[in-house]
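S.K.: I am attaching a structure below and will ask some questions about it afterwards.
The values are calculated or read from the model by the stated rules, or taken from the named source; none is laboratory data. All values reported here derive from a predicted model rather than from experimental measurement. All Cβ positions, glycine included, derive from the backbone under ideal geometry; neighbour counts span all protein chains shown.
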Amino acid sequence: QDEEGDQDDEKNNTVEGIFEKDLMTYFDENLNRNWRGREHWKVRNFKKMNQVSKGADLLAKTPAPAGDATNQNTENDKPTDAKKKSKQKKALEIDFFQKDDGFEDKIFGPKGRAKIDMPIKNRKNDSHYLLPDDFHFSTDKITRLFIKPGQKMSLFQHKRHPSGDTSSRALD
Amino acid sequence: MQNSDGNDINTRIFNSVAEVFQKAQSSYAGHRKHIAVLKKIQSKAVEQGYEDAFNFWFDKLVTKILPLKKNEIIGDRIVKLVAAFIASLDRELILAKKQDYQLTNDEEGIFSRFVDQFIRHILRGVESLDKNVRFRVLQLLAVIMDNIGEIDESLFNLLILSLNKRIHDREPTVRIQAVFCLTKFQDEEQTEHLTELSDDEDNYEATRTLVATIQNDPSAEVRRAAMLNLINDNNTRPYILERARDVNIINRRLVYSRILKSMGKSCFDDIEPHIFDQLIEWGLEDRESSVKNACKRLISHDWLNILDGDLIELLEKLEVSRSPVCVKAIEALFQSRPDVLSKIKFPESIWKDFTVEISFLFRAFYSYCLDNDITEMLEENFPEASKLSEHLNHYILLRFHREDVPNDPPVDLDDRTLEFIIEQLLITAEKYDFSDEVGRRSMLTVVRNMLALTALSESLIEIGIRVMKSLSINERDFVTMAIEIINDIRDDDIEKQEQEERNKGKKNDVSDDGDDNDNSINDDAANDDDEDDNIASFHSAVENLVQGNGNVSESDIMNNLPPEKEASSETIVLCLTRSSCMLELVNTPLTENILIASLMDTLITPAVRNTAPNIRELGVKNLGLCCLLDVKLAIDNMYILGMCVSKGNSSLKYVALQVIVDIFSVHGNTVVDGEGKVDSISLHKIFYKVLKNNGLPECQVIAAEGLCKLFLADVFTDDDLFETLVLSYFSPINSSNEALVQAFAFCIPVYCFSHPNHQQRMSRTAADILLRLCVLWDDMQSTVETRVNREAMLKPNIIFQQLIFWTDPRNLVNQTDSTKKDIVQLTFLIDVLKIFTQIEKKEIKKMILTNINAIFFSPDQDYSTLKKILEYSDDIAENDTLDSVSKNALDKLRNNLNAVIEEINERSGVQAKDENNTTNDQYSSILGDSFNKFANGTPDHSIDMTAEHGTGTTKALEDILVPDNAEEKNSNNSRKRTRSETEHDTTSANTETSFIQNTSAVTKNVSFILPEEEEDAMSIDEEDNGPDSFTDV
DNA sequence: GCAAACAAGCTACACATC
DNA sequence: GATGTGTAGCTTGTTTGC
């Protein structure tokens, strides 16, 4: 707990203001895969801050959802289980000498038309499973002014006042 | 034949074949031998007249592996064995035929009977209910397809029929095998039946099926199989290459790493140029690094090697002047091929013989060396600045004053080429080393002269001005030079006009200009019904508000009489283009920049008043750029800009909207709300209206992106406007506006995760958003006819997941240990649980409950809040009749909550002394304080914020908190009622009225989504005065 | 010196289960 | 449809062969 406190202090000292760039790359990287939005959105871990910005992990290691502690205790069984399963798989062998008369009937059996075909609605898709045009929204794009793209706002400096009228001072 | 003997032989055949299968299932090792044995058994059986018996037992034994799952290695081994056996027989026959051997024993007949019987046998399982059987059957067919020789027509038809059915099998694995089979029929059909290549329906059937599959199959693997196996000819190639934008990453990558690679040199010849450009752009701009790398590798490795390392030839093939993405391509190439980099040389001898490719390489190489600090290469290859300017001038002369060039160059370069070369040299010049004063001056002269050329293209103006900026001593110097150029262009034109007038005599020829203007005004009118009124009010607005226009009377403008000595509209455009490029690079305030102020008077203000749309738009852009330099000017022009957005045509709207956003970005809220200023509500309304208007999708995107920027910058903090923003993301009427959706998909999470206050704003509005969208979804399910239209709306479960994610405090940046205590998401959950009873549809309730466990709980969070959630969920569990899935999810939630609360109790046991006597409610007050001393976003805080913004939606949101009728009927739960009532007292005096308001809010929202029903329903603000409100300012 | 071959490790997608 | 597990298809790094 103490460690965390120290780290936090360090964060507060170093992160403030300086790492606007890091925050920008952080967002760009983490939102890279969700660019299509809406139905194509997927839950994904917002984690990799450590790699983006050098030492300071701006994003604390996300506490794993309940039951974190139980993970390490009784885990001896799992690998053995897996091995057993794989062994069982490999153990399978067919006895080609056995003549089972009913066998073919079972396999080729009655034709229940219904279940084996793909539903009609899935057979055609207007998107043709192609990506839409990518408009490449990025922190770089949204921090630039529209009519003066050489000038950039600093949007990620953390400001105290929510009203923040002057805090959005544009930089060059 | 004797019976006992027969049985004996029959059994022996069975045993022998079975033994082979038995052995072959365990390993691939002995397969060669096994095949030899099988052949021996077969020929012996045939010799003894037991051909049928062999075929029978062989088929029977193969049946045994049909039910084996896809990943069962035994199945694969036997399949391979069968394939190898058949292939071996086939090969022997072909060899024998080739060498013209006498086939003594009808080997051909034996083989074809064997194959025929085998295929017919396994086809019995092609429609088996067991998916594994169908898979194995088609797998067997696929592996033997190359070696079945000739089959009779009935079998052929049966096969094709089966395959065409199985291509629509339920299981992707089966379809993949069906694709493999079908691919084998492409070639044959074309060679058999097609003499000329046409897309004749019958003959092209297999290929056509595969084309349909590559585009329409839901499984990425099936599309992949089709892509990799479809015959690659002119007809099919577009369908294959289109997969460079497949939704699946691997498929996209394969286009570069497999398809294009295998095409070799024919890539450059057989692919249509626009497709080729697209492929490179898609590859290099792909979101996935693996795709990007595959494309980079293709270009810088495979293609360069194909062309024997000839970089110039590669650049020719890439058509560098056509596609801007080539910059990225060559950067990648430099990075991955240092061997190539070191070979690049620019001896002075070629300086005057630049081509498109060489000039491009020159510029790219320079940038690369500069960016990577490779000084030795810079010194070696690039001359002093004066030389560069000399060469630049050479090409400028060639392009614009060819008659002045003494020795015509050996190669005749066209204008486009020359302009491209000039552009490359200018791009190089912008970052060139001009420490040598002589060089700087000579370059400056060249560039200034160039910028004075009226025939200069826009891209050259832009880069030319940038070069001039980099050459200038300071900004003042730069502005002086630019304005000098602008003035000269205008003065020359006026002088020219005067000259012409003097020459021709009178001003009878009002000429084309007037006509042009009339036409464009008519164009505008077509866009907007009341355009005439608009133009009138527009002009009067200009009259009153634009600075420094004191003397021009309204009637002058209305009559469209140009003032004396006005430059032609072409010239005005030239000047405005130059001035906007200049202004983009200026940062000193207008007060210190007297020259720009004069430019406002002479050029920009008249342009804003101009009736020609293109001039007016350029004028507004220039005006905007000036406003960015001066807050006073910005304040004074906010109104006119607002007018442009609300009354202008689409392109004027577009520009003016951008200007407004930029002004807010630079000056913040100081430009609104004050004496003589536009009030912010009016501007909010403008944004509402644009965002709502899906007739102008581009403007919607600007509004969306702009609003997101301003919210991110905390310039805008209004909850209603924010809610509108989020609603337009989810709104089905915007689902086809890709740019809008992508803007939101990026901006909303950035907003939510960039600051706790932002996330709190989302949390405050999220429940209302969810409710509104649930109501809408429900509505659409019952009213909207087509499936497609219904699917334009996101299902509530997805919306809920999304909102949970956005409000998850673990996603915040700059986390501190107080993040664990953050209850921003919990307040959202409480709101959702409060509105839960208002949802009638079981389906929606289910969708919410089954996702509710994605909410993050931790024992560090506020005790009373957790307790409150538990109480609400207990209420739902008690009073609602739920299906088992919902109930399980809810129980899971309650269990989790109980566990967390339990843990808090345990922890607090150390602190609290007499825990046995303390009730939970008492706990909450104790723990609430102690656990929240670090957390800024306590529930109290968020309520304060809500009260602060107590207008519009917020009201609606509070109304929604009121329990609905069903709740009242079910009023045996006194605890809950008490809580609701207590809360309600703080917000509204009358439950009844609130309820009515609530329903109306919901109805109203529905019409927001379907705007044709009620025009301004999107604006959640109750008292919207409509379009005229802005003029009241 | 380059390419082929191989294992180890990774991730998006597919599959299985309830 | 949410969930957890399995796996195809790489990518990376190392070794080996031509």
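S.K.: Is the stretch B:872-882 home to any residue that is within 16 Å of DNA strand D (Cβ to nearest atom), farther than 22 Å from B:THR807 by Cβ and out of contact with any strand residue (DSSP E or B) (no Cβ under 6 Å at 6 or more places or on another chain)?
M.R.: Within the stretch B:872-882, one or more residues are within 16 Å of DNA strand D (Cβ to nearest atom), farther than 22 Å from B:THR807 by Cβ and out of contact with any strand residue (DSSP E or B) (no Cβ under 6 Å at 6 or more places or on another chain).
S.K.: Shifting gears a bit: Condition first: surrounded by fewer than 16 Cβ atoms within 10 Å (Cβ to Cβ) and closer than 12 Å to A:ASP117 by Cα. Now tell me which residues in the stretch B:153-169 satisfy that.
M.R.: B:ASN164, B:LYS165
S.K.: For a quick check of your reading of the model, give me the residue pairs whose first member lies in the stretch B:249-261 and is under 19 Å from A:ARG33 (Cβ atoms), whose second is aliphatic (A, V, I, L, M) and within 7 Å of DNA strand D (Cβ to nearest atom), with beta-carbon atoms closer than 8 Å and at least 6 apart or on different chains.
M.R.: Qualifying pairs under 8 Å: B:ARG253/B:ALA294.
S.K.: Within the stretch B:287-308, work out how many residues are within 11 Å of DNA strand D (Cβ to nearest atom) and either free of Cβ contacts under 8 Å to residues at least 40 places away in the same chain or not aliphatic (A, V, I, L, M) (or both).
M.R.: Residues meeting the conditions: 8.
S.K.: Still on this structure, please answer the following. Mind listing whichever residues of the stretch B:257-288 are within 16 Å of DNA strand C (Cβ to nearest atom) and among the hydroxyl-bearing types (Ser, Thr, Tyr)? Don't jump to the end; show me each part of the working.
M.R.: Of all residues in the stretch B:257-288, those within 16 Å of DNA strand C (Cβ to nearest atom) come to B:257-258, B:261-262, B:264, B:282, B:286-288.
Result: B:SER257, B:SER262.
One line per residue, one yes/no per condition, for (1) under 23 Å from B:SER651 (Cβ atoms); (2) within 11 Å of chain A (Cβ to nearest Cβ):
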{"residue": "B:ASP679", "(1), (2)": "no, no"}
{"residue": "B:SER682", "(1), (2)": "yes, no"}
{"residue": "B:LYS685", "(1), (2)": "yes, no"}
{"residue": "B:ASN693", "(1), (2)": "yes, no"}
{"residue": "B:VAL701", "(1), (2)": "yes, yes"}
{"residue": "B:PHE711", "(1), (2)": "no, yes"}
{"residue": "B:PHE722", "(1), (2)": "no, no"}
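S.K.: Given the criteria within 15 Å of DNA strand D (Cβ to nearest atom), within 12 Å of chain A (Cβ to nearest Cβ) and either farther than 26 Å from A:PHE156 by Cα or in a helix (DSSP H, G or I) (or both), does B:ILE799 qualify?
M.R.: Yes.
S.K.: What are the residues in the stretch B:62-75 that are within 16 Å of DNA strand C (Cβ to nearest atom) and free of Cβ contacts under 8 Å to residues at least 60 places away in the same chain, if any?
M.R.: Result: B:ASN71, B:GLU72, B:ILE73.
S.K.: Still on this structure, please answer the following. Restricting the stretch B:78-114 to residues that are of a type in the set (Lys, Arg) and modelled with pLDDT of 90 or more, which is farthest from DNA strand D (Cβ to nearest atom)?
M.R.: Result: B:ARG113.
S.K.: Are there any pairs, at least 6 apart or on different chains, whose C-beta atoms fall under 6 Å, with the first in the stretch B:166-182 and polar (S, T, N, Q) and the second within 12 Å of DNA strand D (Cβ to nearest atom), and if so, which?
M.R.: Matching pairs, first to second residue: B:THR173/B:LYS70.
S.K.: Exactly one of (1) among the hydroxyl-bearing types (Ser, Thr, Tyr); (2) within 16 Å of DNA strand C (Cβ to nearest atom); (3) under 20 Å from B:GLN424 (Cα atoms) is unmet by B:SER323. Its number?
M.R.: Here B:SER323 meets the rest and fails (2).
S.K.: Another question, if that's okay. Taking the conditions exactly as written (more than 16 Å from DNA strand C (Cβ to nearest atom), touching a residue at least 12 places away in the same chain (Cβ under 8 Å), under 20 Å from A:ASP100 (Cα atoms) and more than 14 Å from chain A (Cβ to nearest Cβ)), does B:PHE58 satisfy them or not?
M.R.: No; evaluated as a whole, the condition is false for this residue.
S.K.: Starting from residues that are more than 11 Å from B:ILE855 (Cβ to Cβ) and outside any helix (DSSP H, G or I), keep the ones in the stretch B:802-821 and report whichever is nearest to DNA strand D (Cβ to nearest atom).
M.R.: B:LEU812
S.K.: Do we have B:ASN55 as in a helix (DSSP H, G or I) and surrounded by fewer than 14 Cβ atoms within 10 Å (Cβ to Cβ) here?
M.R.: So B:ASN55 does not fit the description; no.
S.K.: Here's a follow-up. Condition first: of a type outside the set (Ser, Thr, Tyr) and part of a loop (DSSP other than H, G, I, E, B). Now tell me which residues in the stretch B:331-379 satisfy that.
M.R.: Within the stretch B:331-379, B:ARG337, B:ILE344, B:LYS345, B:PHE346, B:PRO347, B:PHE354, B:ASN372, B:ASP373, B:ILE374 qualify.
S.K.: Continuing with the same structure: If B:GLU19 passes every condition in (1) within 14 Å of chain A (Cβ to nearest Cβ); (2) buried (at least 18 other Cβ atoms within 10 Å of the Cβ) but one, which one does it miss?
M.R.: (2)
S.K.: Being touching a strand residue (DSSP E or B) at 6+ places or on another chain (Cβ under 8 Å) and under 24 Å from A:ASP133 (Cβ atoms): is that true of B:LYS709 here?
M.R.: Numbers: touching a strand residue (DSSP E or B) at 6+ places or on another chain (Cβ under 8 Å): yes; under 24 Å from A:ASP133 (Cβ atoms): yes.
Answer is yes for this residue.
S.K.: Evaluate the stretch B:233-241: report whether one residue or more is closer than 23 Å to B:SER219 by Cβ, under 25 Å from the mean Cα position of the chain (by Cα) and within 13 Å of DNA strand D (Cβ to nearest atom).
M.R.: No.
S.K.: If B:GLU840 meets every condition in (1) outside any helix (DSSP H, G or I); (2) closer than 24 Å to B:ASN905 by Cβ; (3) away from DNA strand D (no atom under 16 Å from the Cβ) apart from one, which number is that one?
M.R.: Just one mismatch for B:GLU840, condition (2).
S.K.: Collect the residues in the stretch B:769-796 that are more than 9 Å from chain A (Cβ to nearest Cβ) and either on the phi > 0 side of the Ramachandran plot or without any contact (Cβ under 8 Å) to a residue 40 or more places away in the chain (or both), keeping them in residue-number order.
M.R.: Those that are more than 9 Å from chain A (Cβ to nearest Cβ) and either on the phi > 0 side of the Ramachandran plot or without any contact (Cβ under 8 Å) to a residue 40 or more places away in the chain (or both): B:GLN781, B:SER782, B:THR783, B:VAL784, B:GLU785, B:THR786, B:ARG790.
S.K.: Within the stretch B:223-239, how many residues turn out to be touching a Leu at 6+ places or on another chain (Cβ under 6 Å) and either in a helix (DSSP H, G or I) or within 14 Å of DNA strand C (Cβ to nearest atom) (or both)?
M.R.: Summing the residues that are touching a Leu at 6+ places or on another chain (Cβ under 6 Å) and either in a helix (DSSP H, G or I) or within 14 Å of DNA strand C (Cβ to nearest atom) (or both) in the stretch B:223-239 gives 1.
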